[in-house]
Structure formats: structure tokens, C-alpha cells
1. What ranking, highest mean first, results for peptides 267-274, 217-224, 327-334 when packing means the other Cβ atoms within 10 Å averaged over each residue?
2. In debye to the nearest 20, how big a dipole does the chain give about its Cα centre with +1 on each Lys and Arg Cβ and -1 on each Asp and Glu Cβ?
3. If I model a spin label at Q489 and S347 as a point 7 Å from the Cα along the Cα→Cβ vector, what separation in nanometres do I get?
4. Write down the radius of gyration of segment 173-319 and its Dmax, each obtained from C-alpha positions, in Å.
5. I'd like to know which of L473, I413, I345 lies farthest towards the positive end of the charge dipole of the chain, counting +1 on Cβ of Lys and Arg and -1 on Cβ of Asp and Glu.
6. So, R0 is 56 Å and r is the distance between the beta-carbons of L595 and N391; what FRET efficiency does that work out to, to 0.05?
7. Please state the relative contact order of segment 146-229 as a whole percent: Cα pairs under 8 Å, 6+ residues apart?
8. Can you tell me the relative contact order of the chain? Whole percent, Cα pairs under 8 Å, sequence separation 6 or more.
Amino acid sequence: MSEINITPESNATDSVQIQEAQPKSVKSRTVGRIGLALFGGLLTLNSFLLQWWLPEQEYAAQFSAIAGAIILACPIVITAIMDLVEGKIHMNELVALAIFAAFAGGDFQIAGVIAFFLLLTIIIESRTASGAQRSIEELIKLTPSTAHKVVDGKESEVNVSELSVGDVIRVRPGENFPVDAKIISGFSTVNQASITGESLPLDKSVGDDVFAGTMNLTGMVELTVTRIGEDTTLGKVKDMIMAAEQSRTPFVRIIDRYAGYYTPTVLMIAGIAWVLSGYDLDRVTTVLVIACPCAVVLATPTAVVAAVAAAARLGIFIKNVNHLELAAKINAFVFDKTGTLTDGILSVVKLQPADDVKPAELLRYAASAESYSNHPVAAALQNIAKDAGLNLGEVSDFSETPGKGVQAKVDGIDCIVGRTTYLSNLGIEVVQHEKEESEGMSVVYVAVAGKVIGWIGLKDKLRSEAPEIIQSLRDQGVRYCAMVTGDRQSVAETIAGSLQIDEYRSECLPEDKAAFVENLKKTMSVAVVGDGVNDAPALAAGDLGIAMGAIGSDIAINSASIALMTNDLRRIPLLVTLSKRSRMIVSQNLLLGLLIVIGGTVLTLLGMMTPVGAAILHTLSSILVIFNSARLVRTGEELTLAEQQQLAMNAKQ
Ligand code: ADP
Ligand code: MG
């Protein structure tokens, strides 16, 4: 008798729309049911009291019992009929039949008590079934309903739904951002915890992106709207929670398949019980009540919604529930290097221009050519060029080859920046420098008008948590960890040396990384961790693709099965923990549900269970399942707590 729809033909997307359209009617229906449960329950109680106090007034007690039972039974029967009409195979039919059997038995007090507990269960379950809805309501609270829109320098208050991409808005300190947007003037600090789970405030200034639902702390900023509604990162989190509730894990699919046989089987058992007990209708009622597998039906969805909500709070974006389940089974991890195991904040450590070239010229060409690239190398070159006060050239015909480099016209002159093989493939002669000169550095060559004008050495550093998380993964039963990188052997070796990894590959192209993963997949369940753009093929090749630092990056979100909004690697062992815990909790729930159904049916057949006992047990098992699943929500609290402590310490310093 759960609210969870188990029709096989319903598909996730249209159910999501139905859900979105529904919240108000669900709420008012629940309120109505609670009212009826209270009123009917009181009448039933009254009938017991009357019987006790005024035993001679038999009719008064009887009347109160009948009225109470009918009031309690009506919503149950109506729910069952509605389900039948909608063509859903629901558990509610069994419950309705149980009520009819109780009425047919002629003891309206017992019928009332049973109906009371069954209605109570329906109410509790519909509250839980809308758990996803409630998580989403909390998310909606994060976005304000109005925004200050600026037109021709004049500010006016508009509804957020009226905003469109490109509009200019103003957000004051203390307000939440209503949409995803880019700062065009002002600066501020922003708390993004609602999306990333990280409460460290970030400095944001002109050109930086901010996200709907995050909080503007200190400054007033003016922004252009970049994404609205469903397209915002927050909107995607909402979709994900909706999809989590609707998606089917393998076990639920098995239930779906056999649901059609279940009701007839139970009816048969009830018939047998009826005959065996010498035509005792109580026995029929008991079988029908106890056999209603609400706890079994609730076992998976309650746990999954709790887990997905917990993950979202930590900035872990799980796009499909099956991926959550898979995470526990992964036994091999493959990491990208730059931006994943290292922080991806490269600094330029060497400029090596050719003989007749000035260092500033080398840098200016390189930084200009990289103008439109998102690669860490590009960011490093632009930063140092900016610090050096260089004026970048006019850039046209820009193109980037992932994992290799970029080409562009700078002031009309052909310019290429990238790895050695990229340049030589383009027919440019590269004279390799001495190895010792660039020991431990990543190197890019720069060619202008078909001639190499020098090379640039860059370095970044290992993320501090990298060694520790590889150890945690091993403790969690991961047997194999590897690193793949497009970078040079000497750099890869240094990084690999400071980590407990089994293997590393250097100088990989994006397709080499994917091939490496494909090969590994033959013997293991492989998760790939990468930072988006040029790792997309590898991410897609893994059984599980985990993208780092995905906030605001559509590519990362789209190519991965799980996206981490932050760059914090500690989210990965946490994801594995969450996955393992949810599997355990689902198993516990299923075991409990099945034990009650099977044990209760056996006890009933043996004549050792009363209808009221069955009803109480039924309610109790559903409540236990719901509470058990709710335990998942707390997963990862220790991490957020640790971050908050760190924050407090930083504040003191
Ligand atoms: P990783 O696998 O470590 O993340 P990448 O695949 O991103 O490394 O890059 C591999 C190499 O390709 C870099 O070390 C660099 O030499 C070159 N490269 C990739 N993209 C660019 C770019 N935009 N500009 C210059 N060089 C690049
Ligand atoms: Mg990378």
C-alpha cells in the first residue's frame, strides 16, 4: 500500500513531470487523510469506552464502531480504486480486501482498529514517498523568488521566472543568487556550501561565475544571467533527486516483474487459511494484512533518496541510482594526473626562448594563442602574461586538440602551442632540448609561422589529500590504483613516486587513456576519475566516470556518471562508503520486510496471529524501514564538520 508506482511501463521522465505538478494535491490529500484517521480513530476508541462504561447501551457502542470503521475504511478503499483505475498494480488492493474481510467478519471494532493502522501506514508512506519532493522543496528555498533586474541603469524588482539569459541583475550582501550568472562589476565573497558542501567562502570578482542557491556574503555585485531554471546547477541537482526516486534498481525491477503474480498468490493463501481455520474470516483478514509487502516496496526507494540527498549535500552529483549501487563494487581506480591528483594550478617555472627570441615575445605568443582554452596550461600562461603586463595579440581561427595543444592566428600569424608530438605531426621540426634542463617540469613548445620559437616549463603540485585517499580506497577493498597522464615521463614518475599506486602511464593521448581503461575493464570494475575536457573519452569508457570540479562545467557533468562539484578528492572514498552503506541498508530493509511477510503468514496459518497484531506489525515494519533508511542522510557529516572546524581555525588566524 505504498505510494510508489510500480507499473513497468511508466518511464522516468514523464513521472518526473507528474511529480512536479503534484505537490499541492499530495499535501492536501495527506491533510485530509490525517483528519479522517483522527476522527475515525476517536470513534473507534469511543466505542470501546462506551462498551466498558455503559455495557447496557450496546447499540451506542456498536453505532460508534460502525461509523468509525467506515470513516477509516473509505480513504483506503478510495485509494485502492484510484490505483486500479490508473492501472497501477498496487499493494492497496490487498489492504482494501483485508478491510472488506474484516467488515464481513462482523466485528466493527476490530475492523476499525485494523483500518486505523492501515490508514496510518498509508499516511506515513505517502509522506516518505514524497521524500524527494521535500529535499527539493528545501533546495527551492535556497533560491529567492524575486531578483533586482537592471535596465538602463534603473533597478526594478522582478520575478525570477521572468529573467532570461543575458539580463543584468544586482545581488546584495546576504542575498542568495537567484540564477547562475557571471559577475560584471563589484566583488564579493560567496558561500557555495549548498551546492558543493564546502563552507569555505570564496572570493569572486569580475568574470567569475556564481551559482543559483549560493549565498552572496559581503559585497554588492552586478551580474549577467548565464543560466536559468532547470539549466542551473541547482536545477540539475533537483532533476537528479527526482530521477533517483523514479529510477529502478535491479531488485525493484524484479518486484515489478512479479507484482502481477503476487496478489493472486496471497488471495490463494488467504483462501487456504480460510478453509483450514474452519471458515474464520479473521484469518483471511490477517493474511491479507500481513502479506501486504509495504516494507519490501519501501526498502529501496527510501534508502536511495536518502543517499542521493546526502550525496547532493556533499556536492556529489549522482546522475543515475545504478551508479550509486555500482560504486560499492568498484575494485580498480584510474586517475588522471593534471587537475585530478595534482591541483592543476600550474606555474610557469621556465621560459626557454630560441636564440634570437626574447622571453616576453615567447610568452606573448603562447598566452595569446591560448586565449580561448580552458586547459590549466592556458590559465598559467595567461596569468603570468597578465602579471608581466603584456598586451596580448589579436586572436583568430582558434582551435584546440584535447590532450595535445592549440592552434590560432595571433595578429594574423600562425601560432601553435602544445606537446612535441603535436607540433611534429603538424610538420614542424622540433629539436628536443636536453632532458636535464626540464627535469620534473611539464613542457609545451611554441611555434610561430612554422618555426619553433622556444619552450615553456610548468609545474603544479600534488593535492595534499591525494596519498591519504588512495590509502582509504585500498582500505575499502580497492585492489588496483593507476594514474594516466598526457604529461611527460619524468613528471609522471615524480608524482607516481609520492603515491601508493600500482601503475602509471605517461604521454597518453585521450584515446590512449580510454584504451587503457577498456583493457583494465576486462578483468576489473573500473572507476575513472578525471577533470573533464580531455578526459571525456576515458570517463565514458569506465564502468563509472567521476568528474572533478564539475561546478558550472557542463562538459564534466555530461561526460561523467558522477560529478563532484568540488576538487576535494576525499569525496571519492566517501562516495564508496555511501554506496556500501546504502546497499547494506537496502538489504536490511528487504530482510526485515520479507521476514515479516513470510513469518507473519506462517504464524497466521498456524493460528498464532490476530488481525490487530498483524496490522500493528505491518505499520511497525514500514516505520522501521523508513527510519533505517533515514540513517543514510548523516553519511559524510564528519567531513563537513571537519571543514567547518578548519574554517573556524582559519577565522582565528
Ligand atoms: P593530463 O592527462 O595530465 O591531464 P593533458 O592530457 O591535459 O594532461 O595534457 C597532456 C599534454 O598535452 C600537456 O602536458 C601539454 O603538453 C599538452 N597540452 C594539452 N592541452 C594543451 C593546451 N591547451 N596548450 C598547450 N599544451 C597542451
Ligand atoms: Mg587532466
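We did not get these values from a lab; they are worked out from the coordinates using the rules stated. From a predicted model like this one, the values you see are computed outputs, not experimental measurements. Virtual Cβ from ideal backbone geometry, glycine too; neighbours counted across all protein chains shown.
1. Final packing ranking: 327-334, 217-224, 267-274.
2. Numbers: 52 positive and 70 negative charges, 284 e Å.
I would put it at about 1360 debye.
3. 2.9 nm
4. According to the Cα coordinates of segment 173-319, Rg and Dmax are 25.7, 84 Å.
5. Among L473, I413, I345, the one farthest towards the positive end of the dipole of the chain is L473.
6. For R0 = 56 Å, the calculated efficiency reads 0.15.
7. Relative contact order for segment 146-229 comes out at 38 percent.
8. Working: 1260 pairs, mean separation 95.0, N = 653.
Contact order relative to length: 15 percent.
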